[in-house]
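Enquirer: Pasting a structure below so you can have a look.
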Amino acid sequence: MKNNLLLHTVLGFALALSLSVHARAAEMDAESQASFDTVMSFMGAIGSGDMDTAISLMAEDMVWLNEGDSAMPWIGPWVGKAEILNFLPIFGENFRTTAWENTDAFALGDTVAVFGKMNGITTHSGKEIGEFSFALRAKVRDGKVILWNWFEDSYAVSQAFHGK
């Protein structure tokens, strides 16, 4: 059952990434390039439903942080691989991504930043959010993602969640 929920979750991410622009970074040092590649591989694995790869790229002590309206069930932080794997189906049951585009991405050392725009529907209300910007700050340690810090227009998402 939990595997079905994970699959349901990643299907939304799959749509998101199938619509995304593949970001490329230019002339990075080896550490920055490795961090960039790890984060993009993780994002791609989540988006394509390849949970084995996604799990292999997660540090045991990874933190997934979404801030915003605590009435929305996917607001974190989610700490540790096991807790994140329990969180992903909750997100997938409550948010359906309908559009996604990475517009910029770069890395410096262990830190990767990705910026873009997206849209989605909150299943709680069935209401579309409308296009909004997102930013991601991720950190990598020893080839594993240790931080996935997600920033979005939490007001617009909350309004849609509450049917406003």
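Coordinate-derived values only; no laboratory data. What you see is a predicted model; the values in this text were computed from it and never measured. Backbone-built Cβ (ideal geometry, glycine too); neighbour counts: all protein chains shown.
Enquirer: Which FRET efficiency value, to the nearest 0.05, is calculated for residue 133 and residue 69 with the Förster distance at 25 angstrom and r the Cβ-Cβ distance? Please list the in-between numbers first.
Expert: Details: r = 17 Å, r/R0 = 0.70.
Efficiency at R0 = 25 Å is approximately 0.90.
Enquirer: Additional query: Could you tally the net charge around residue 133, taking each other residue with its Cβ under 13 Å from the Cβ of residue 133, Lys/Arg +1 and Asp/Glu -1?
Expert: On the way: positive: 117; negative: 101, 104, 131, 152, 153.
Overall, the nearby charge balance is -4.
Enquirer: For a label point 7 angstrom out from the Cα of residue 33 toward its Cβ, which stretches of segment 102-126 have the backbone nitrogen within less than 20 Å?
Expert: The answer is 105-114, whose backbone nitrogens lie closer than 20 Å to the label point.
Enquirer: Quick check: residue separation of residue 48 and residue 79 times 0.36 nm, minus the Cα distance between them. What number comes out in nm?
Expert: 8.8 nm
Enquirer: Hey, fewest Cβ within 10 Å first, where do 90, 84 land in order? Don't skip to the end; give the middle numbers.
Expert: On the way: 90 15, 84 21.
Ascending number of Cβ neighbours within 10 Å: 90, 84.
Enquirer: I would also like to ask the following. Quick check for segment 14-164: number of Lys pairs with alpha-carbon distance under 26 Å, counting only pairs 8 or more apart or on different chains?
Expert: Values: 81/139; 81/144; 117/127; 117/139; 117/144; 117/164; 127/164.
Pairs that pass both the separation and distance tests number 7.
Enquirer: Which order do 141, 96 fall in if you start with the one that has the fewest other Cβ atoms within 10 Å? Numbers along the way, then the final one.
Expert: Values: 141 14, 96 18.
By the 10 Å Cβ count, ascending: 141, 96.
Enquirer: Rg and Dmax of segment 91-164, Cα atoms, in Å?
Expert: Calculated on Cα positions, Rg and Dmax stand at 14.0, 44 Å.
Enquirer: Between residue 164 and residue 117, what's the calculated FRET efficiency when r is the beta-carbon distance and R0 is 22 Å? Round to 0.05. Each step should come with its number before you reach the end.
Expert: Working: r = 21 Å, r/R0 = 0.96.
Efficiency, from the Cβ-Cβ distance: 0.55.
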